Amino acid sequence: MEAQHGEGRPPRALRAVVVGGGVAGLCAALELRERGVDVTVLEAADRWGGCLGTHEVGGLTLDSGAESFATRTDGVRSLLDELGLAGEIVTPHPSGAWVQLPSGAEELPKAGVLGIPSNPWDREVRSALGWWGSFRASLDRYLPTPRPREQESVAAVVRARMGKRVLERLVAPVVGGVHSADPELLDIDMVAPGLRTLMAERGSLAGAVAAQRERSAARAGAKAGSAVAGIRGGMNRLVAALVDRLADDGAVLLSGERAERLDRSDGGWRVGAVRTDGGGQAYDADLVVVALGGPAAVELLSDAVPELAGHEPVPGPEVKLVTLVLDKPELDARPRGTGVLVAPQSPGLSAKALTHATAKWSWLADEAGPGTHVVRLSYGRAVEPGTNAADDEPETDDELFRAALADTSVLLTVPVAPEDVLGWDVVRWEGVLPFATVGHRERVAEIRRLVAAQPGLAVVGGWAAGNGLASVVPDARKQAGELADRTL
């Protein structure tokens, strides 16, 4: 498709509509603007950034969603450098996290991926697994490396290579905390991209983990063991910088506009949107990038691409984050490092993870002041499609607050009472994590194949790229860039 122009007139710039103003949509818009495309971004909500947001709790401005990014790719760092924020990148306190097991708390091995250790004989690994567990895990280096099957779960790979104890005591807590799901359900190629390829190259799962950690540290410019990084002031600063850059570059950013139809028009596409004030608007474009959650994206595209019927991805779980700001000087000692991941079988606990944010990020500790602490607990796990979550899981804000107090007291080993709370908030995120079950990668590939067969159309987002900014950012830019290059 070429931009149309009359005889003797210069060609007009291509026009693009990006549907969705989360990080994926904003990154796609940035890539299109860098190629000279006129861009309009439509966002149904009244704010930008999707899973990156802010809220005020106890007088502090805090991240309400993602508070760090994985360093396994250099996509986020490159973007931050482009936006002038590279000097604001920070790494967590080196004390590391813990894992809560039925038998008690253990230090989480620092040199791991998804809880998979790079050395089964490290002190923390031996403590968590016991001698026999470490011995079984060490057999990984002597097992033949099979040819990878097309689809494998995290659990299947870990169990075969390192045994049941590694799966239950290290991997399940990490996967539950990060992906809100059972490792039996998740496709290893979606949640740990490249790990099986490295395993084939290095001859063992432990060797693959070590190689991936080394590459992550090199990309982050950090010490080995630092698999994540953040931004001084919070990850929400990335959204503000993206919006400012796009506005300065002439992109049109329209919040409160929900795209409800996508139709072919003469030589391109027409996006029908409804405003929150009840009005409507149609936008003509040569290119359309759909940056919505998986089910919503397929629903919007279904009229224009009827072949998508039956390809709807499974929606992710609802994740509930409870943030507490506490007046608790006893927590100055960082009793559980930067936080705790909870094994699913741990009795008496509802949370799947706790982040001790003021212990993790020195800039936040300085902002909060001595004796004031921020902790954030995560609730909600993905379950097998067609089944229900546990009946005793807290649901209402009051239930979540009470559960957070009880869980914090156990996980941080310091009793926390309502009178210690300076402020609290509950944030619910619906479907922000992709439910990357086994076979999800193939379903995404088929959806993208069907969409790409339509000139000027692309889809981006975490459901397609994988969980986390390290996957979403480079994928959105790549998809948008390739779409523009095919058309220019």
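Here are some notes:
- Per the conditions (1) outside any loop (DSSP other than H, G, I, E, B); (2) open to solvent by 40 Å² or more (accessible area, probe 1.4 Å); (3) free of Cβ contacts under 8 Å to residues at least 24 places away in the same chain, the sole criterion not satisfied by ARG258 is (3).
- A count restricted to the stretch 316-328 and to residues that are modelled with pLDDT of 95 or more and open to solvent by less than 70 Å² (accessible area, probe 1.4 Å) stands at 7.
- Cβ pairs under 9 Å, 6+ apart, first in the stretch 297-311 and in contact (Cβ under 8 Å) with a residue 40 or more places away in the chain and open to solvent by 50 Å² or more (accessible area, probe 1.4 Å), second assigned to a loop (DSSP other than H, G, I, E, B) and among the hydrophobic types (A, V, I, L, M, F, W, C): GLU307/ALA453
- Figure legend. Inter-residue proximity from the stretch 129-152: first residues over 15 Å from ASN119 (Cα atoms), second residues open to solvent by 30 Å² or more (accessible area, probe 1.4 Å) and outside any loop (DSSP other than H, G, I, E, B), beta-carbon distance below 6 Å, spacing 6+ or different chains. Indicated pairs: THR145/ALA200.
- Screening the stretch 416-472 for residues that are among the charged types (D, E, K, R) and farther than 18 Å from GLY310 by Cβ and picking the one that is nearest to the chain's Cα centre (by Cα) gives GLU430.
- When ASP332 is tested against (1) at pLDDT 95 or above; (2) closer than 23 Å to ALA66 by Cα, exactly one condition is not met: (2).
- Among the residues of the stretch 84-107, those identified as surrounded by 14 or more Cβ atoms within 10 Å (Cβ to Cβ), assigned to a loop (DSSP other than H, G, I, E, B) and polar (S, T, N, Q) are THR91, SER95.
- Pair list, Cβ under 7 Å, 6 or more apart: the stretch 394-417 residue in a helix (DSSP H, G or I), other residue hydrophobic (A, V, I, L, M, F, W, C) and surrounded by fewer than 21 Cβ atoms within 10 Å (Cβ to Cβ): ASP397/VAL426; LEU400/VAL426; PHE401/TRP424; ASP407/LEU349; VAL410/LEU349
- Checking VAL174, VAL154 one by one, the residue that is under 20 Å from the mean Cα position of the chain (by Cα) and at pLDDT 90 or above is VAL154 and no other.
- Residues of the stretch 343-373 satisfying the condition of being small (Gly, Ala, Ser), under 19 Å from the mean Cα position of the chain (by Cα) and under 16 Å from VAL228 (Cβ atoms): ALA353, ALA357
- Scan of the stretch 471-487 for residues that are closer than 15 Å to ASP286 by Cβ and among the aliphatic types (A, V, I, L, M), ordered by number: ALA480, LEU483, ALA484
- Extreme residue, nearest to LEU246 (Cα to Cα), among residues of the stretch 452-466 that are surrounded by 24 or more Cβ atoms within 10 Å (Cβ to Cβ) and not small (Gly, Ala, Ser): VAL460
- Of the residues ARG449, ARG443, the single one that is over 19 Å from LEU242 (Cβ atoms), open to solvent by 10 Å² or more (accessible area, probe 1.4 Å) and free of Cβ contacts under 8 Å to residues at least 40 places away in the same chain is ARG449.
- Candidate set: the stretch 44-82, residues that are hydrophobic (A, V, I, L, M, F, W, C) and not in a loop (DSSP other than H, G, I, E, B); chosen: the one modelled with the lowest pLDDT: ALA70
- Residues satisfying the stated conditions in the stretch 48-63, i.e. more than 21 Å from VAL178 (Cβ to Cβ) and out of contact with any Phe, Trp or Tyr (no Cβ under 9 Å at 6 or more places or on another chain): TRP48, THR54, HIS55, GLU56, GLY59, LEU60, THR61
- Within the stretch 14-40, the residues that satisfy the criterion of being assigned to a strand (DSSP E or B) and under 14 Å from GLY461 (Cβ atoms) are VAL18, VAL19, GLY22.
- ARG213 meets each of the listed conditions (1) within 30 Å of GLU82 (Cβ to Cβ); (2) open to solvent by 70 Å² or more (accessible area, probe 1.4 Å); (3) at pLDDT below 85 apart from (2).
The values are calculated or read from the model by the stated rules, or taken from the named source; none is laboratory data. Fair warning: this is a prediction, and the values are worked out from it, not measured in the lab. Because the Cβ atoms are built from the backbone with ideal geometry, glycine has one as well, and the counts that use them run over all protein chains shown. The protein model used for the area step is the full one, side chains on, heavy atoms only, and it has no ligands, DNA or RNA in it. Shrake-Rupley method; radii C 1.70, N 1.55, O 1.52, S 1.80 Å.
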